[in-house]
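First comes the structure, then the notes that go with it.
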Amino acid sequence: MSEYIEVNLIGITLLLTMLVIDHRNHGITRSEGHSHFIRMLVYNACILAADIGIYLLRGTSSLGLSILNHILCSSFFFLHTWFSYEWIRYVIIQLYPRYQLNSKQHVLLLLPALISTFFVALTPLTGWIYTLTENNVYHRGPLILVTFFCSLAYLVESSVIICREYWNPKASRRPEEYLWLLFIPIPMLVGNIIQMKLYGLSIVWIASAISLLIIFANMQNDQLSRDALTGVYNRRQTDVQLRWETERLSGSDDLLMVAMLDVDHFKSINDTYGHLRGDEALVTVASTLVANCRRTDFIGRFGGDEFLLIGHVKSQENANTIFQRLKQALDSKNATCEYPYNLSLSIGYILCGSKDEVNADKILDEADKKMYEVKQRRLNGQRQPDTDYTGVISKLR
């Protein structure tokens, strides 16, 4: 028993260490996906703690300790399925960061967790999932597989979603960015199977702690590909994405869109209102891009006050629709008078087809030229309300 408790304590220590490091690095501001990860850490630590309590209470017989053991056992199985629910939510957000579940999808996704919760909640009265003897010794109930299969449903479905995106020919990210997600459920699946076969051996939640450590390591690595100020991808990752896009362009039915976006009068904002206001302007522009571009679009900070947008469109009209939407979003922000300055973008872009002989440098050079055409047009007083961008369908030979 002492070795078993010692292993669980090591798992709790590992999970709490990740929580402390994460809080130190991120503070209280978290994305939705990050919040699901934090809940998985907390649930896993609580499950391991409950498991220790269940073992320590074996052989006791007072009413109060019996009630406490029921609370610990119910919490253990209750959190089991909700942990898996948080995992699939994390996967969906990782793969489709701007996708919103509708009401029906949300209910369907909640269904296995709600079913498991129903059986667990009634177990102290029915003995469905577990039973406790007079001496507080835990035994499996006849319906214990309900919680197992409810959790398994989430793990299997998340793996299907990942595989579907991994082999999707129109995937918006490199396959390597999905591959690590496939390995996360494996320790939990193996642990569940072994635990169901070998009564009295509990290794699932140590295995899940290892899975969370893999996620944590990947999150730290992801920070290296993000711009520290705006949260969008940094220049290094933008270059990687653009090279990958050009390499796979020959097999695509769509047009590759690469747009250079420059914040107008950014130097003036810095000089007049200070660098903190300048940082605020960049963050606002980045959040506007994320909110108004499509979920498959890649957004990166190219340098200074320049951003790069990479995506796929069917026609030049599709591209112009995206840029018009961005313009309208910034106009709406300006109309609120929230900031002492107005925000606008000069946008130059290029569209490339599968028959074009392209490379990243040529594409960037052409998009940059188009962006400066917009800048020059404005300097010459030729700016028109609905043409804050320019681009071409071009064959770069």
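A few notes on this one:
- Structure remark: mean-square fluctuation, Gaussian network model of the chain, C-alpha springs under 10 Å; the largest value among Pro340, Pro124, Pro112 belongs to Pro340.
- Residue range of the chain that is longest and free of GluC sites (Glu not before Pro) which are both DSSP loop and sparsely packed (at most 14 other C-beta within 10 Å): 135-337
- Calculated FRET value between Ile144 and Tyr341, using beta carbons and R₀ = 51 Å, to 0.05: 0.25
- Within the range 131-181, the chymotrypsin sites (Phe, Trp or Tyr not before Pro) that combine a DSSP coil assignment with at most 13 other C-beta atoms in a 10 angstrom radius are Trp167.
- Taking the Cα centre of the range 2-223 as reference, the dipole from Cβ charges on Lys and Arg (+1) and Asp and Glu (-1) amounts to some 480 debye.
- 5 angstrom amide H check on Tyr341, placed H, neighbours 5+ away: none
- For Phe302, nonlocal amide neighbours, meaning residues 5 or more places apart or on other chains whose placed amide H falls under 5 Å from its own, are Phe307, Leu308.
- Note on the range 2-223: percent of Cα-Cα distances in each 5 Å bin, starting at 0 and stopping at the bin with the largest distance, equals 1, 6, 13, 18, 19, 16, 12, 7, 4, 2, 1, 0, 0.
- With both residues required to sit in the chain, DSSP beta bridges show an antiparallel share near 80%.
- Summary value for the range 235-393: 33 percent relative contact order, contacts being C-alpha pairs under 8 angstrom separated by 6+ residues.
- The phi torsions of the range 246-262, fed into the Karplus equation with coefficients 6.51, -1.76 and 1.60 and a -60° offset, translate into couplings of 5, 5, 9, 5, 4, x, 9, 8, 9, 9, 7, 10, 10, 10, 9, 10, 10 Hz, rounded to whole numbers, with Gly and Pro shown as x.
- Spatially close lysines, pair count over the chain: Cα under 26 Å, gap of eight or more or interchain: 29
- Integer Hz, Karplus 6.51/-1.76/1.60 couplings in order for the range 167-178, x for Gly and Pro: 9, 6, x, 9, 4, 8, 10, 4, x, 4, 6, 9
- In order along the range 83-96, the phi-based Karplus estimate (6.51 cos²θ - 1.76 cosθ + 1.60, θ = phi - 60°) of 3J(HN,Hα) comes to 4, 5, 4, 4, 5, 5, 5, 4, 4, 4, 5, 5, 7, 10 Hz; Gly and Pro are listed as x.
- The trypsin sites (Lys or Arg not before Pro) of the range 261-321 that meet both conditions, a loop assignment by DSSP and at most 14 other Cβ atoms within 10 Å of the site Cβ, are Arg294, Arg295, Lys314.
- Across the chain, Cα pairs under 8 Å and at least six residues apart give a relative contact order of 13 percent.
- Principal axis dimensions, the chain - Cα atoms, whole angstrom, descending: 89, 48, 37
- Largest to smallest principal axis extent of the C-alpha atoms in the range 19-127, angstrom: 52, 37, 16
- Contour excess over end-to-end distance, with Cα ends at Val107 and Asp254 and 0.36 nm allotted per residue: 49.4 nm
- Over the range 2-223, relative contact order from alpha-carbon pairs under 8 Å, at least 6 apart, %: 21 percent
Since every read-out is calculated from the coordinates, none of them should be taken as a lab result. Because the structure is a prediction, the values reported are computed rather than measured. All Cβ positions, glycine included, derive from the backbone under ideal geometry; neighbour counts span all protein chains shown.
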